[in-house]
1. Restricting to the range 41-60, and then to whatever is of a type in the set (A, V, I, L, M) and in a loop (DSSP other than H, G, I, E, B), can you tell me which residue is farthest from ligand 1 (Cβ to nearest atom)?
2. Restricting the search to the range 11-40, which residues are in contact (Cβ under 8 Å) with a residue 40 or more places away in the chain, aliphatic (A, V, I, L, M), over 18 Å from Arg107 (Cβ atoms) and within 16 Å of ligand 1 (Cβ to nearest atom)?
3. Would you be able to tell me the number of residues in the range 1-39 that are surrounded by 13 or more Cβ atoms within 10 Å (Cβ to Cβ) and either closer than 20 Å to Gly132 by Cβ or β-branched (Val, Ile, Thr) (or both)?
4. Restricting the search to the range 73-111, which residues are closer than 22 Å to Ile161 by Cβ, part of a helix (DSSP H, G or I) and among the hydroxyl-bearing types (Ser, Thr, Tyr)?
5. Kindly establish whether Thr145 is assigned to a loop (DSSP other than H, G, I, E, B) and either of a type outside the set (Asp, Glu) or surrounded by 23 or more Cβ atoms within 10 Å (Cβ to Cβ) (or both).
6. Would you call Ile129 more than 8 Å from the chain's Cα centre (by Cα), surrounded by 19 or more Cβ atoms within 10 Å (Cβ to Cβ) and more than 16 Å from ligand 2 (Cβ to nearest atom)?
7. If I filter the range 66-89 down to residues being more than 12 Å from ligand 1 (Cβ to nearest atom) and buried (at least 21 other Cβ atoms within 10 Å of the Cβ), which single residue comes out as farthest from Pro173 (Cα to Cα)?
8. State whether the residues of the range 114-126 include one that is within 14 Å of ligand 2 (Cβ to nearest atom), in a loop (DSSP other than H, G, I, E, B) and of a type in the set (Ser, Thr, Tyr).
Amino acid sequence: METQQILNDLEKRLPIKRFEHVIRVTETAKKLSNHFGVSVEKAELAALLHDVAKYMEPADMRKIIEENSEDSRLLSFHHVIWHAAAGAVIARDEFGIDDSDILNAIRYHTTGRAGMSKLEKIIYIADLIEPGRNFLGIEELRKTTEISIDRAMKSCIVHSIGYLVEKQATVFPDSFECYNEHVQKMNSQLRKET
Ligand SMILES: [Fe+2]
Ligand SMILES: [Fe+2]
């Protein structure tokens, strides 16, 4: 499906503010993929479709997750995170995306996970640092992203988990696994350097 066709479809599915967010995430993801040697075409598709299910009814997302054997643990967490798995199914079934890396980048863009591919990290990071986002430390995070994708991913997952803990909201286990993996990776790098 052509980019313009996807945009036309997204305009119907998403409110204008979310649509504009998607455009900014896509621009950011394209820049990052170019910088980190990942296919710009794949990054564009994953970014365009990452929030495709964001405004679906929770009951419809639940049905999609159940019927497509997506991770059933999601259903015992807040439905705000369901749009990622539901979105991967829609990208596959309604937009004809068959590349598993693109689908996983959509599937894990809210929770992260251990063992993320570069493309998955790019979408996760782009979602958080796109120019419309503003939170304490974001400029530092944007600079870190230019230097190291793993350091940026670690900062992103620390930010996301910290935000949830601050609100005393539950945290999906994949996010902790992503956090632990990145902290361990950073610590072992530090040990090598000293
Ligand atoms: Fe999202
Ligand atoms: Fe998003």
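1. Met56
2. Result: Leu14, single match.
3. Final tally of qualifying residues: 22.
4. If the condition is that a residue be closer than 22 Å to Ile161 by Cβ, part of a helix (DSSP H, G or I) and among the hydroxyl-bearing types (Ser, Thr, Tyr), then Ser76 is the only one that fits.
5. no
6. Criteria not met by Ile129.
7. Selected residue: Val89.
8. No, the range 114-126 has no match at all.
Each value in this text was obtained by applying a stated rule to the coordinates, not by laboratory testing. This one's a predicted model, so the numbers in the text were calculated from it and none came from an experiment. Counting neighbours? That spans all protein chains shown, and the Cβs are built from the backbone with ideal geometry, glycine included.
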